Amino acid sequence: MQEFRRFVRGPVGKVLLAAIILPFVVSGFYGYFTSSSSGNVVAEVEGAKITRSYVNARVERVRNMLRQRSPNISPAMLDSFVRPEMVLEGIVNEQLIQAAANDAGMIYSDQQVSNGLYSSPMFQQDGKFSEQQFERVLRSNGMTPRSYVKGLKEEMIAQQYRTGFVLSDFALPSELDEQRRLGEQKRDIRFAKLDVNSLRDHFTISDDDVAAFFKANQSDFMKPEQFRLAYIELTADHYAKDISVSDAEVKKEYEARKRTMEQAGAGTEKRVAHILIAVGGDRDMDQAKARAQEVEKALAGGTSFAEAAKTYSDDLSTAKQGGDLGVLSKGALPESLEQAVASLKAGQVSQPVESEAGIHILKVESASNAKAVIPSFAEMSGQIRADLKKARIDARMNDDMTQLEDLLYEHSDLASPAENLGLKVKTTDWTDLANLPAPLDNDKIQEALNSDDVRQQGRNSDLLEIGPQHYVAVRVAKEKPAEPLPLATVADDIRQRLKGEKAQAKAAELAEQADKLVADGADLAKVAALFKAKVEEQDGLQRGGDEPDMKVVNDVFATPRPQQGDTSGISFTHLDDGSVVAFQLTSVTDGNVDGLTDEQRNAALSQLANVEGQRGFRQIVAMLRDEGDITLYPKRLSTTADEAGQQ
């Protein structure tokens, strides 16, 4: 794997990476298909151990995903919404599904994973796969290549299991008709609303009331702690002015790339197909060899190679295409496969060939002579110069990062580390941690500033990657404690808050009186008079609507259908702000079950079947939880619990 990395990062490897996809797919990632774990076990599911470090990594992944979708979401809300306990429950379900999928014999080949990684836009630069980008993305999410690939394989296998249930369900036309009748049903109501805001002006709040509330609730009216933060930045721009590339160096590199492209592009190109008998899971090498003999017998008996690939190959990404790997040049396969292909002419099939993935049977579909098309020096010189400069910047930056990480740990300030590397210590104005200025407005920096080491002990933070080739270390330079806000600043807010509380109490009192009126036989007009409101009508309410209010609509559709021509009794809905709505259901109109074309009906049946399949799968997961071997250790999710146990 290290040799592969050196190859890709070298000047020759960068030119060839796009030209020789397959060797990367077949062998480049095999070093990633193992996993290790650390940390305390927080759950055991079907014999598999789930560690605290894995749960924490998944928590951070979920939080990062939500941050990308909602950049302005507050960290406090994110922390309270995405909790380790919640994520652990999801991981337990995943592990149960994974175990069930394994028991069912489902697999997802290494080649399928590699193909997916290579084509993922997340890991590409300039439209091509970049291993540096791959590792950068994983590192920023707290993952290693091994753990990511292992998780991806497990996720895809579990998806196969899930899809088997979801897509096997179906819906009957009668179910669709009933769903449309209810789903598109419309309801009409009469209602009267007691608006809590209309009661606010009935109350007067004195200055003494405001002052007393302010004194009793001082902690609610505090100016947050303020900080001056010192920080240093390490970016690629820091090196750009000091690094240059001569014309001679560009010319030398061009000649090297030219020779490599000539060697790679000249010779014979062969269109190759293969059948992979994978080793792993319940199949060892001896069993794979036995299955390969079955394939040979089938081919000898007249079965076409394409049909045999569809029947026997474990490489699901190519099996449906008859095992087709595409047109390959010399050097595009691992050595054992390369030698086998080299010995074959068009139309010939190889003997079984072993590789790290298992056993391959190869066929050369066609062969043709190829000639490399080499870009001119003028066409490539600009890119070569940029590549060489970037490689030197990366090398300098990597060396300085290692040195800087040590210096940050060894020193109690930023001045010494900055001086050693020729960096400048910058300082912010006074700020609170919820409103950090650029470039410190980053979740990693906020997390570091909230840590005991930086916040309480006054140490330097670690060197934090906040963007591509952008690293920051930060420390607290000065701080101001939280202090009470002046009463004059918050008096109006307190007055409105107290008015709101009194208005809500009055609304609750009136609602109780209205309930008694209805119990004594009063109609909606008398309730409206009590509310000092008018009786209004709302026609055509539909499920999920928000007029006159979503809670009202939900209650309206929970109300039993009255007899034709009658109205329902009076019901009350209490809104979140303290307002109250009294309503009567006056009419119900069912949805039209006959208004679909055949095409629309088929599409609707398919969608309904999917919904039923999803619901059925949730029941399957519930059954797996009931019957599965699960042991949870929720207290171990807390690092403090672990530390206490070590004392």
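What to note about this one:
- Lys478 vs. criteria in contact (Cβ under 8 Å) with a residue 60 or more places away in the chain, of a type in the set (Lys, Arg) and not in a loop (DSSP other than H, G, I, E, B): yes
- Residue that is surrounded by the most Cβ atoms within 10 Å (Cβ to Cβ) [pool: residues in the range 301-352 that are more than 19 Å from Glu269 (Cβ to Cβ) and either touching a Pro at 6+ places or on another chain (Cβ under 8 Å) or hydroxyl-bearing (Ser, Thr, Tyr) (or both)]: Ser313
- Scope the range 80-137; condition in contact with a Ser or Thr (Cβ under 9 Å, 6 or more places away or on another chain), more than 13 Å from Lys153 (Cα to Cα), touching a residue at least 60 places away in the same chain (Cβ under 8 Å) and in a helix (DSSP H, G or I); matching residues: Pro84, Arg136
- Only residues that are out of contact with any Pro (no Cβ under 8 Å at 6 or more places or on another chain) and either over 20 Å from Val518 (Cβ atoms) or polar (S, T, N, Q) (or both) were counted across the range 562-575, and they come to 6.
- Beta carbons closer than 7 Å, at least 6 apart along the sequence or on distinct chains, pair a first residue in the range 423-451 that is without any contact (Cβ under 8 Å) to a residue 60 or more places away in the chain with a second that is small (Gly, Ala, Ser) for Ala448/Ser461.
- Any hit, the range 442-456, residues being outside the structural domain of Phe203 (by TED's automatic domain parsing), in contact with a helix residue (DSSP H, G or I) (Cβ under 6 Å, 6 or more places away or on another chain) and β-branched (Val, Ile, Thr): yes
- Residue ID - farthest from the chain's Cα centre (by Cα), chosen from residues in the range 586-605 that are assigned to a helix (DSSP H, G or I) and touching a residue at least 60 places away in the same chain (Cβ under 8 Å): Arg601
- Matching option when the condition is more than 34 Å from the chain's Cα centre (by Cα) and among the small types (Gly, Ala, Ser), among Ala248, Ala230: Ala248
- Residue in the range 98-106 that is of a type in the set (S, T, N, Q), under 23 Å from Met65 (Cβ atoms) and crowded, with 19+ Cβ neighbours inside 10 Å present: yes
- Candidates Glu509, Glu479: the one that is among the acidic types (Asp, Glu) and under 30 Å from Asp188 (Cα atoms) is Glu509.
- Among the residues of the range 536-556, those that are surrounded by fewer than 17 Cβ atoms within 10 Å (Cβ to Cβ) and in contact (Cβ under 8 Å) with a residue 60 or more places away in the chain comprise Glu536, Glu537, Asp539, Gly540, Gln542, Arg543.
- Counted residues, the range 301-321 - those being out of contact with any Gly (no Cβ under 9 Å at 6 or more places or on another chain), at pLDDT below 90 and assigned to a loop (DSSP other than H, G, I, E, B): 2
- In the range 559-574, the residues that are part of a loop (DSSP other than H, G, I, E, B), touching a residue at least 24 places away in the same chain (Cβ under 8 Å) and surrounded by 15 or more Cβ atoms within 10 Å (Cβ to Cβ): Thr559, Pro562, Thr567, Ile570
- Test: residue in the range 575-583 that is of a type in the set (Ser, Thr, Tyr) and in contact (Cβ under 8 Å) with a residue 40 or more places away in the chain: yes
- Applying a threshold of 9 Å to beta carbon distances and a minimum spacing of six or more residues, or different chains, the list of pairs starting in the range 376-395 at a residue that is in contact (Cβ under 8 Å) with a residue 40 or more places away in the chain and more than 12 Å from Ser244 (Cβ to Cβ) and ending at one that is hydroxyl-bearing (Ser, Thr, Tyr) and in a helix (DSSP H, G or I) reads Phe377/Tyr254; Met380/Tyr254; Ser381/Tyr254; Ile384/Tyr254.
- Note on the range 159-206: residues that are of a type in the set (Ser, Thr, Tyr) and under 30 Å from Asn592 (Cα atoms) amount to 2.
- Residue satisfying condition, being over 30 Å from Lys424 (Cβ atoms), modelled with pLDDT under 95 and in a strand (DSSP E or B), within set Glu537, Glu501: Glu537
- Number of positions in the range 211-262 that are among the small types (Gly, Ala, Ser) and either at pLDDT below 90 or not in a helix (DSSP H, G or I) (or both): 7
- Among the conditions (1) of a type outside the set (A, V, I, L, M, F, W, C); (2) part of a helix (DSSP H, G or I); (3) modelled with pLDDT under 90, the only one that Asp169 does not satisfy is (2).
- Selection status of Asp492, among the acidic types (Asp, Glu), over 18 Å from Glu405 (Cα atoms), free of Cβ contacts under 8 Å to residues at least 24 places away in the same chain and not assigned by TED's automatic domain parsing to the domain that holds Glu233: yes
The values are calculated or read from the model by the stated rules, or taken from the named source; none is laboratory data. On a predicted model such as this, the values are computed, not experimentally measured, just so you know. For neighbour counting, all protein chains shown are included, and Cβ atoms are generated from backbone atoms with ideal geometry for every residue, glycine included.
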